[in-house]
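Visitor: Handing you a structure now.
The values are calculated or read from the model by the stated rules, or taken from the named source; none is laboratory data. Every value quoted in this text rests on a predicted model; they were computed, and no experiment measured them. Note: ideal-geometry Cβ built from the backbone for every residue, glycine included; neighbour counts use all protein chains shown. Heavy atoms of the whole protein, side chains included, go into the accessibility calculation; ligands, DNA and RNA do not. Shrake-Rupley method; radii C 1.70, N 1.55, O 1.52, S 1.80 Å.
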Amino acid sequence: MTDKNLESLLSEYEEKKRKANMEVETNTSKLYAQFPNLEKIDDELNKYSISKSKSILNGKSDFKKYDIEIENLKKKKEQFLKEKKIDINLFKPNYECKICNDTGYVQDENNKTIMCSCLKQKLLNLAYNKSNLSDIKNENFENFNINLFSDEANTKKYKIKSSPRQNIINIKKECLKFIDNFDSLEEKNLFFCGNTGLGKTYMSNAIANEILKKGKTVLYQTAPVLLETVIDGKFNKYKNQNADNFYKNVLTVDLLIIDDLGTENINSMTVSELFTILNTRLLNLNNKPTKTIISTNLSIEQIFKIYEERIGSRIAGYYNIFQFVGEDLRLKR
């Protein structure tokens with residue numbers, strides 16, 4: 001992530017905030033023109049609020065008397081809006097992020113100013129996610145079509161008793177549970193395995209969509225890019241802050257999605273880095289739940305054979321394993 005990206009995004013935030021506030025001013029002016037009595041009520045409210053503030057600043061103890069007038073005027077305004085069927089939200093800025101009100105920053109429990117998750121996510125998207133989450137709005141649970149999966153069970157072919165359709169329904173149910181319980185330390189991570197074109201990436205995107213709605217951050221990378229970037233950042237003599245930021249984000253992002261595990265150059269270095277990433281995220285060293293989704297064409301048995309046993313054991317012990325079966329969905333669309 002670069003300072004240039006942050007500067008550009010903060011300019012966008014400032015513009016969004018300005019537009020939201022301007023919209024409120026426009027709505028208010030229109031309503032005042034249509035309902036002069038509404039403007040009189042607001043003028044009275046402003047007058048008493050100013051008087052109360054002056055009284056407090058001057059150290060007077062009579063400021064509480066204004067509270068009664070302010071409260072009565074608020075009730076009067078509320079009743080007026082109700083009678084005229086005026087939406088009270090017209091007086092409130094419609095900020096894109098309800099957490100930070102489009103400022104990009106919030107106060108934590110220690111009253112320290114920290115970056116809002118929405119700004120963190122935009123920086124992640126610019127620097128790392130790029131095209132990985134480009135179609136995320138379309139790949140969601142609302143558009144999820146179970147009818148693309150066969151309703152015929154074939155134990156010999158798929159090695160499971162249920163049909164591909166029932167299997168994906170079960171997987172979807174567990175994924176929704178994963179989303180609902182995302183902040184629980186008891187909720188396991190997800191391991192998606194199966195052939196290409198069976199919906200693993202779609203399911204990962206659908207989950208990411210819902211996690212983003214919760215105000216969480218998501219980093220989505222293929223295993224080759226993820227591990228190559230981490231290793232290059234650690235050992236390249238031209239190591240820079242961007243490389244350090246990437247590794248920090250890999251370890252601390254709320255949801256890390258590792259796609260195409262097994263397609264990277266598998267050697268002692270990549271295996272070691274993969275273990276460190278998975279293990280660090282399991283340890284919750286950041287005092288917050290960090291979850292991981294792994295998507296691969298490899299079975300859990302192959303994971304144990306190809307990678308060190310300690311990686312296989314971490315996945316077997318701390319991940320819910322789901323096998324995707326059926327025919328290539330890309331041929332059905």
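Visitor: Can you list the residues, at least 5 places off or on another chain, whose amide H is less than 5 Å from the amide H of Thr222, using H built in the peptide plane?
Guide: Under 5 Å from the amide H of Thr222 lie the amide H atoms of Asp259, each far enough along the sequence or on another chain.
Visitor: Mind ranking Thr155, Thr280 by accessible surface for me, highest first, 1.4 Å probe?
Guide: So, going from the largest accessible area down, we get Thr155, Thr280.
Visitor: If you don't mind, another one. If ligands, DNA and RNA are left out, what is the accessible area of Leu261 with a 1.4 Å probe, given in Å² to the nearest 10?
Guide: Accessible area of Leu261: about 10 Å².
Visitor: With every protein chain left in place, what is the accessible area per residue of the chain in square angstrom, probe 1.4 Å? Write down the numbers at each step before the final one.
Guide: Numbers: 19370 Å² over 333 residues.
Computed with neighbouring chains in place, this is 58 Å² per residue.
Visitor: Take the chain, connect every pair of alpha-carbon atoms lying under 10 Å apart with a spring to form a Gaussian network, then pick out the residue of Asn101, Asn249, Asn111 with the largest mean-square fluctuation.
Guide: Most flexible of the set in this elastic network: Asn111.
Visitor: Select from Asp260, Asp180, Asp108 the residue whose mean-square fluctuation is largest in a Gaussian network model of the chain (Cα-Cα springs shorter than 10 Å).
Guide: Greatest mean-square fluctuation among the candidates belongs to Asp108.
Visitor: What ranking of Met269, Met203 comes out by heavy-atom accessible area, probe 1.4 Å, highest first?
Guide: So, going from the largest accessible area down, we get Met269, Met203.
Visitor: So in the chain, which Cys have no other cysteine's beta-carbon sitting under 4.7 angstrom from theirs?
Guide: Cysteines lacking a close Cβ partner in the chain: Cys175, Cys193.
Visitor: Turning to a different aspect of this structure: For Phe324, which sequence-distant residues (separation of 5 or more, or a different chain) have an amide H within less than 5 Å of its own amide H, given hydrogens modelled in the peptide plane?
Guide: The list, which skips near neighbours in sequence, is Cys193, Gly194.
Visitor: Sort segment 143-185 into rounded, prolate or oblate with this rule: let a ≥ b ≥ c be the square roots of the eigenvalues of the Cα gyration tensor; rounded if a/c is under 1.5, and if a/c is not under 1.5, prolate when a/b is larger than b/c, oblate otherwise.
Guide: oblate
Visitor: Under a GNM of the chain (C-alpha, springs under 10 Å), which listed residue has the highest mean-square fluctuation: Thr229, Thr270, Thr296?
Guide: Thr229
Visitor: Using a 1.4 Å probe on the protein heavy atoms only, what accessible surface does Asp183 show? Give it in Å² to the nearest 10.
Guide: Number for this one is 90 Å².
Visitor: Carbon and sulfur together cover what percent of the accessible area of segment 256-333 at a 1.4 Å probe radius?
Guide: Here carbon and sulfur together make up 49 percent of the probe-accessible area.
Visitor: Any idea which of Pro289, Phe322, Tyr48 is furthest toward the positive side of the dipole for the chain, if Lys and Arg beta-carbons carry +1 and Asp and Glu beta-carbons -1?
Guide: Tyr48
Visitor: Further question on the same structure: Taking every pair of alpha-carbon atoms in the chain, what share in percent sits in each 10 Å bin, from 0 to the bin with the longest distance?
Guide: 5, 19, 24, 19, 13, 10, 7, 2, 0
Visitor: If you find the alpha carbon centre of segment 52-102 and of segment 182-241, how far apart are they in angstrom?
Guide: Each part reduced to its Cα centre gives a spacing of 44 Å.
Visitor: Ok, one more. Give me the percent of accessible area attributable to carbon and sulfur for segment 9-59, probe 1.4 angstrom.
Guide: 51 percent
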